[in-house]
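Q: If you scroll down you'll find the structure; I have some questions about it.
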Amino acid sequence: MKNRLFKKGLVAATALVAGLALTGVAPADAAPKKGGKLRIAIIADIGGFDSLKIPITGRQRAFVMQAIHENLFDMDPETFKIVPRTGLKAEASDDFKRWRVTLRQGVKYSNGEEMTSADYKAHFDRLLNNKKFGNRFRGSLGPRLDHVEAPSKYVIDFVFTEPSPGWKTIMTLNDLVWWVRPKSYLDANKGKKTFNNNTVGAGPYMLKKWRRSSSIVLEKNPNYWDKANQHVDEINLQIINQQLSRMQALQAGQMDFLWLPPALAIRAKKDKSLRHVTGPSFFAGLGIAFNQSKPPFDDIRVRKALVHALDRDLIGSVITKVPEKAPTNMYSDNHPWACKGIK
């Protein structure tokens, strides 16, 4: 079965979590509930909120940051259709080297400031021009993003050095490059030692309290633009380092939601007191990348020889601790970018 690295990573949850919009993976028969607190167990601390200090996305960090920040677009996990969020439309130039995004007007950050294109320009200028990590950020976006322009208050231009036909989909990813702050907040705080301790976003929640290596508490953003999809009042993320301890906390009713690796997910499915939710896989997961511009990997024979020398099924099984079949495609079968007919 393709993409089992992620498809078999089940979410175990009690009925309390049944319609949480934050996860993006809610059962079709579950009606969202308003109010209350949600307790989520994560396996590690997030390290902080400054992506130049912590230049990785990571599952645990993404849980927190995607609740605080909001993407320009989202992707429906069932239909793969791209849905407008803080961005209303995205239009590409004929050569796909420039994408113009029109912002939704009236979107406000948790500090009350309105989102504008100047925020995106300041954010990407800081990331892309960083001497240490700039190239990493450019490379993480597929075709290289050269710079960002703000031709008017609600219009953003993303300019590339090469065609980027899939940019609209890339804008839906839960990735650190989309965790944008107000320009004024960035200018006033980026030089401070405390900048990594907090953030301001336009997402449904905002930081209430962070106790390092212990817990993170989020509360509702009173200025959130899409209040109909702002459900629980508070999200409490408890940091529990041991996988088994996390599952035991869930079984004991101390937690409401957690992500489980495949081996524990199989065990958790046997517990009838838990509700198990799976989400569609957008990517194959872990992989091996070749730099084809340099020897010896510029020779396809070398690349083929190395791939044939590796037992990828065994590697996957060792990592996940369950029998695995290595995917042959970067995307799941029903994804619009999937390459058909690959064996």
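Q: Under 1.5 on a/c is rounded, so check that first for segment 300-343, then, if it is not, pick prolate when a/b is larger than b/c and oblate when it is not; a ≥ b ≥ c are the square roots of the alpha carbon gyration tensor eigenvalues.
A: Verdict is oblate for segment 300-343.
Q: May I pose another question? Using a cut-off of 14 Å between beta-carbons, work out the net charge of the residues near Val148 (Lys and Arg +1, Asp and Glu -1, Val148 not included).
A: Overall, the nearby charge balance is +3.
Q: With an 8 Å Cα cut-off and a minimum separation of 6 or more residues, compute the relative contact order for segment 73-187 in percent.
A: 29 percent
Q: Sort 59-72, 187-200, 323-336 by packing, meaning the average of other beta carbons within 10 Å per residue, with the highest value first.
A: Sorting 59-72, 187-200, 323-336 by mean packing, highest first, produces 59-72, 323-336, 187-200.
Q: State whether segment 73-187 is rounded, prolate or oblate according to the following rule on the C-alpha gyration tensor (a ≥ b ≥ c being the square roots of its eigenvalues): a/c under 1.5 gives rounded; otherwise a/b larger than b/c gives prolate, and the remaining case gives oblate.
A: Rounded, since a/c falls under 1.5.
Q: Please label the shape of segment 154-290 as rounded, prolate or oblate, based on the square roots a ≥ b ≥ c of the eigenvalues of the alpha-carbon gyration tensor (a/c under 1.5 means rounded; beyond that, a/b larger than b/c means prolate, else oblate).
A: Verdict is oblate for segment 154-290.
Q: Under 10 Å, Cα contacts only: if you run a Gaussian network model on the chain, which one of Val318, Val159, Val277 comes out with the highest mean-square fluctuation?
A: Top of the fluctuation ranking is Val318.
Q: For every other residue with a beta carbon closer than 13 angstrom to the beta carbon of Leu128, add +1 if it is Lys or Arg and -1 if Asp or Glu, then tell me the sum.
A: Around Leu128, the surrounding residues sum to +4.
Q: Next question, about the same structure. Compute the convex hull volume of the Cα atoms of the chain, divide it by the residue count, and report the result per residue in Å³ as a whole number.
A: 154 Å³
Taken together, the values in this text are just the output of simple stated rules run on the coordinates, not laboratory data. Keep in mind that this is a model prediction, so the values were computed, not measured. Counting neighbours? That spans all protein chains shown, and the Cβs are built from the backbone with ideal geometry, glycine included.
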